[in-house]
Amino acid sequence: MKVLSPAAWDARFRQQASWTAQLREFLSNQLKIDSASSILEIGCGTGVVLSDFSASTEKLRVGLDLRFDFLEFFKDQIHDLSLICADGLQLPFYPGCFSCSFCHFLLLWIDDPLKLLLEMRRVTRPGSVILAMAEPDYGGRIDHPAELVHLGQQQAKSLFQQGAD
């Protein structure tokens, strides 16, 4: 199996983020995420999505990921964020310290997504925003036209072999 460099992963993450850019912009506007005083992205990878949210001197933006090499790559790209290498299932933050927490294409890679969502809730202030974006159900997908069913099955099989659920 070929091992991808952080730069190659970044290119892949940018492609995935482009698929959901309009949705993220819509949700950000509806939920007023850009006005949040503190934002946490769990599973930030190389920071593609987190860096979309506007920066200001009053705003704390934190990216958390298990992959230190991704964070190192991210650190060299953007300098006004806090980056933490940690497990989203055990967030190293006090309860209620963020006004927004989110993940993007993450829950399908987590063995216990409910535990991660509960951790997000724990570290997010009551009444604030918790958002899980772009979490497809590949196992329950329906492909049309019929000629594409085999391609969809191959994609789902590949994702399951890589650990997605």
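Would you pull out the residues with amide H under 5 Å of C44's amide H, same chain only if 5 or more places away, H placed 1.01 Å from N?
Here L64, D65 satisfy the definition.
What is the set of long-range amide H partners of S37 at a cut-off below 5 Å, with H atoms built 1.01 Å from backbone N?
For S37, whose amide H was placed from the backbone, the distant partners under 5 Å are S99.
Determine the share of region 33-114's accessible area contributed by carbon and sulfur atoms, expressed in whole percent, with a 1.4 angstrom probe. Intermediate values should be presented prior to the final figure.
Values: 2090 of 3770 Å².
Its accessible area is 55 percent carbon and sulfur atoms.
Going by the alpha-carbon gyration tensor, a ≥ b ≥ c the square roots of its eigenvalues, is region 36-121 rounded (a/c under 1.5) or, if a/c is not under 1.5, prolate (a/b greater than b/c) versus oblate? Before the final figure, lay out each step's value.
On the way: a/c = 1.83, a/b = 1.22, b/c = 1.50.
It is oblate, given that a/c is not under 1.5 and a/b is not larger than b/c.
Taking the Cβ of L91 as the centre, find all other residues whose Cβ is under 11 Å away and add up their charges (Lys, Arg: +1; Asp, Glu: -1).
Net charge around L91: +1.
The values are calculated or read from the model by the stated rules, or taken from the named source; none is laboratory data. Nothing here was measured: the structure is a model prediction, and the numbers come from that model. Reconstructed Cβ throughout: ideal geometry from the backbone, glycine too, with neighbour counts over all protein chains shown. The area values use the complete protein model at the heavy-atom level, side chains included, leaving out ligands, DNA and RNA. Shrake-Rupley method; radii C 1.70, N 1.55, O 1.52, S 1.80 Å.
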